[in-house]
Amino acid sequence: MSLDDPDDSVEDSIRIDRRKERHDHAWELFQLLEQVPVGVFVATGEGRPYYANASARALLGMGAVPDHVDRFSEVYQAFEIGTDRLYPIERLPLHRALAGERCEISDIELRHHGDPIPLHVSGAPIKRGAEIAFAIMALQDVRELRRLATQDALTGLPNRMAIQEAFAHERLRAERGRHPIALALIDFDRFKSINDDFGHAVGDGVLRRGSVAIVEAMRPTDLVGRWGGEELLVVLPNTRLEPARQAVERALGAVRALHIPHKGARVHATFSAGVVEMAGNESLDALVARADVALYEAKHAGRDRVVAAAGL
């Protein structure tokens, strides 16, 4: 068939279109990986570095790139955690993935940024038919994982798990020193109506700015955390019931003073709160239950107020 045969032109055009389609698909995939908040490092089936996304480049420094995964620990200063030994390449998930193994480790740290960065690393092979075409490794900063596990994403406050852990420590200290502990359960008033009338972005703003105002009104030793939804929990160490009520009243005044703009108008926020003092060896669940009863009284009495409940 001649070079000018129309059928040849059609076939060439189809091949070009397919190559372009594959190229566009690969470009889109890499753009997506750039946004993933987990480090992604890919090597070819021969063990040569192929791709690292933005998170991986930030973690690894990427000042240099090894010519083979066998030099990964040396180039990126990866050590067995707590030792001066370079991380053994035969245990590295990327190397093990090239052998067809899926695995994960948490005994590795990087030391090229000053403070050591502990990592959680997983690896897996990517096969094309029976052959391993690529090996992929995911890297996560353990410090960031801990932060995510204990911090509320919206407000930046400690989350429920962090509050529970902090209360357990405060309770032990209180028992040893025979100190009181007070607790306040705070609920932002008419929060559903704020979301319905102004939108969830404004509702989120009320939670964020209200949380900041409450934290700034409390002492540095007090713990303010997000308990769930529009509820915050405040733990006040070494504090009796009446001083705790007064502290929460000051926080309420700070929230009342907030003016959150929305389309030329201003959204006003208030909260209702129940305050209690720990009685004997009372658990956190029992304390929160009593604070919830006092909070209900505050809501029933018209909201925008603090109700303190006497001990058992």
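The values are calculated or read from the model by the stated rules, or taken from the named source; none is laboratory data. None of the values given here were measured: they were computed from a predicted structure. Note that each Cβ is placed from the backbone with ideal geometry, even for glycine, and that neighbours are counted across all protein chains shown. The accessibility values were calculated without ligands, DNA or RNA, using every heavy atom of the protein model including side chains. Shrake-Rupley method; radii C 1.70, N 1.55, O 1.52, S 1.80 Å.
Tabulated values for the structure
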read-out: Computed E for LEU154/HIS262 - FRET, C-beta separation, R0 25 angstrom, nearest 0.05; value: 0.90
read-out: Accessible solvent surface per residue of the chain, calculated while the other protein chains remain in place, 1.4 angstrom probe, Å²; value: 55 Å²
read-out: Label point at ASP115 placed 7 Å out along Cα→Cβ; residues across the stretch 130-148 whose backbone nitrogen lies under 15 Å; value: 141-148
read-out: Alpha carbon centroid spacing (whole Å) that separates the stretch 142-169 from the stretch 43-98; value: 31 Å
read-out: Enclosed volume per residue, in Å³, of the convex hull spanned by Cα atoms of the chain; value: 239 Å³
read-out: Potential extension, ALA279-VAL142 segment - 0.36 nm per residue separation minus Cα distance; value: 45.5 nm
read-out: Per residue convex hull volume, Cα atoms of the stretch 161-312, in Å³; value: 99 Å³
read-out: Computed helical MRE - 222 nm, the chain, DSSP H runs ≥ 4 contributing -39500 (n - 2.57), nearest 500; value: -13500 deg cm²/dmol
read-out: Only Lys, Arg (+1) and Asp, Glu (-1) charged, at Cβ; the chain dipole about Cα centre in debye; value: 1640 debye
read-out: Whole-percent carbon and sulfur share, accessible surface of the chain, 1.4 Å; value: 52 percent
read-out: Segments 81-87, 291-297, 125-131 sorted - mean Cβ within 10 Å per residue, highest first; value: 291-297, 81-87, 125-131
